[in-house]
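Before any comments, here is the structure.
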Amino acid sequence: MSNQSLPERLMSWMRGRYGADELGNTAVGLSVLLLLLNLLVRSQWLNVVALVPAVYACWRMTSANVPARRGENRAFLEAIGPVAQWVRNPRAVLAERRAYKHLTCPSCKKKMRVPRGKGRMRVTCPSCHKKFETRS
């Protein structure tokens, strides 16, 4: 029998494994949301469906294939894109939208921002250096 305590043995077992990330946290959140919905609906199949994302999140956390899990998480973060900012901090996103106007360069399609309330202004794209006029 080992002299290590249970937490030490778990830490030793988790060494080299992937752990938690945004995709796993989202899966757990979805599972909790479905379980709460099941309290209202009281359906056996919804109970089973709610466990699927939780099992998936546990599988991801204990996976030893770290590069594959990182790739999946990166693809997930690219897919949800700007929605993630709204979920994390909606106040900051609203303050940003009130203070700045977001533009797209007509030639290279690069996104940029200009301060609101400055009237008509000439903007230079930082990427392609094309100049164009816009209202802020």
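With a Cα cut-off of under 15 Å and a minimum spacing of 8 residues unless on different chains, the lysine pairs in the chain number 9. With neighbours defined as other Cβ atoms within 10 Å of a residue's Cβ, the residues 58, 125 order from fewest to most as 58, 125.
Seen from a random direction on average, the alpha-carbon convex hull of the chain projects onto 14.5 square nanometres.
Between residue 70 and residue 44, the simple label model (points 7 Å from Cα in the Cβ direction) yields a spacing of 4.5 nm.
Given an 8 Å cut-off on Cα distances and at least 6 residues of separation, report the relative contact order of region 6-80 as a percent. Can you show the working numbers first?
Numbers: 62 pairs, mean separation 33.3, N = 75.
Relative contact order comes out at 44 percent.
Where in the chain is the longest stretch that carries no trypsin sites (Lys or Arg not before Pro) classed as loop by DSSP and with at most 14 other Cβ atoms within 10 Å?
Numbers: sites that count: 15, 17, 42, 109, 110, 116, 118, 130.
Longest run free of exposed loop sites: 43-108.
Given R0 = 41 Å, the distance between the Cβ atoms of residue 130 and residue 22 translates into a calculated FRET efficiency of 0.70.
Sequentially through region 9-17, phi angles give Karplus couplings (6.51, -1.76, 1.60; θ = phi - 60°) of 5, 5, 5, 5, 5, 6, 4, x, 9 Hz, Gly and Pro residues having no value and appearing as x. Residues in region 64-81 carry Karplus couplings, in order, of 8, 8, 4, x, 5, 5, 4, x, 4, 5, 4, 5, 5, 5, 5, 5, 7, x Hz; the curve used is 6.51 cos²θ - 1.76 cosθ + 1.60 with θ = phi - 60°, and Gly or Pro positions show x.
Once the Cα atoms are used to define both axes, helix 22-41 deviates from the longest principal axis of the chain by about 70 degrees.
Sort 136, 43 so that the residue with the fewest other Cβ atoms within 10 Å of its own Cβ comes first and the one with the most comes last. Let's see the in-between values first.
Numbers: 136 15, 43 12.
So the ranking, lowest neighbour count to highest, is 43, 136.
With the convex hull constructed from alpha-carbon coordinates only, region 1-66 shows a mean projected area of 6.0 nm² over all directions.
Rounded to the nearest 10 degrees, the inclination of helix 44-62 to the longest alpha-carbon principal axis of the chain is 80 degrees. For the pair residue 36 and residue 97, what calculated FRET efficiency results from E = 1/(1 + (r/R0)^6), where r is the Cβ-Cβ distance and R0 = 25 Å, to the nearest 0.05? After rounding, the FRET efficiency stands at 0.20. Applying a 4.7 Å Cβ-Cβ cutoff to the chain leaves 58 as cysteine residues with no disulfide-compatible partner.
Would you calculate a helix-derived [θ] at 222 nm for the chain, using -39,500 (n - 2.57) for each DSSP H run of n ≥ 4 and dividing by the full residue count, to the nearest 500? Could the numbers behind the result be given before it?
Numbers: 6 runs with 80 residues, N = 136.
It lands at -19000 deg cm²/dmol.
A short reminder: the numbers here are calculations on the coordinates, not readings from a lab. As the structure is a computational prediction, the values presented were derived from the model and not from experiment. Note: ideal-geometry Cβ built from the backbone for every residue, glycine included; neighbour counts use all protein chains shown.
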